[in-house]
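The block underneath contains the structure these notes are about, expressed in structure tokens.
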Amino acid sequence: MVTGMSDHAQIVLPVVLSLVCAACAPGSGDRDEPTPEGLGEAVVLIEVRNDLTPTTPVTVRIVSESGTRSTLGTVSPGRTRTLRFDEPYFESAYMMVAETVDGNQLVSRRFELFPNSNVSWRLSNNRLDFDVRRSPLKQM
């Protein structure tokens, strides 16, 4: 028994601590890993290779056919980064947009997305590649 605590506090404190520990446990809302197929939102992994010349960082967005724009992240010059697009449902067509710090935009061709697919976008030649399996993206 802890001295200096009321009987009520000695009962409530362990309950509160167990709830806090359960909320902090791995897998309880942690969204760093892609959601497994068939559970919740579908995740699309988009690998962006920023090999533009002259070199410049880019902000990458995905734009749906209806015009909804989602910012996926930034990619530094000369780097390749895998970005996540979490979506509860998919529209029929999308385009990728890479915007440089001076406002220039590179826009991809239209493409269809499927849940749990992978997309690879090389900026220097504006090439999109797709993989609908849940395997890691291959290097280009």
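3J(HN,Hα) along the range 51-64, derived from phi through the Karplus expression 6.51 cos²θ - 1.76 cosθ + 1.60 where θ = phi - 60°, amounts to 10, 5, 10, x, 5, 7, x, 10, 9, 9, 10, 10, 10, 7 Hz, with x in place of Gly and Pro. The Cα-based radius of gyration of the range 42-131, divided by its Kirkwood radius, gives an Rg/Rh of 0.94.
Whole-Hz Karplus values for the range 69-82 come out as 10, 10, 7, 9, x, 10, 10, 6, x, x, 10, 10, 9, 9 Hz, taken residue by residue from phi with 6.51 cos²θ - 1.76 cosθ + 1.60 and θ = phi - 60°; glycine and proline positions read x.
Listed values for the range 102-109 are Karplus-derived 3J(HN,Hα) couplings in whole Hz (6.51 cos²θ - 1.76 cosθ + 1.60, θ = phi - 60°), namely 8, x, 5, 10, 10, 10, 6, 6, and x replaces Gly and Pro.
Distance between the modelled labels on residue 112 and residue 125, one decimal in nanometres: 2.5 nm (7 Å Cα→Cβ projection).
Where a number appears in this text, it was derived from the coordinates with a stated rule and is not lab data. A quick note: this is a predicted structure, and the numbers were derived from the prediction, not measured. Quick reminder, even Gly has a Cβ in these numbers, built from the backbone with ideal geometry, and neighbours come from all protein chains shown.
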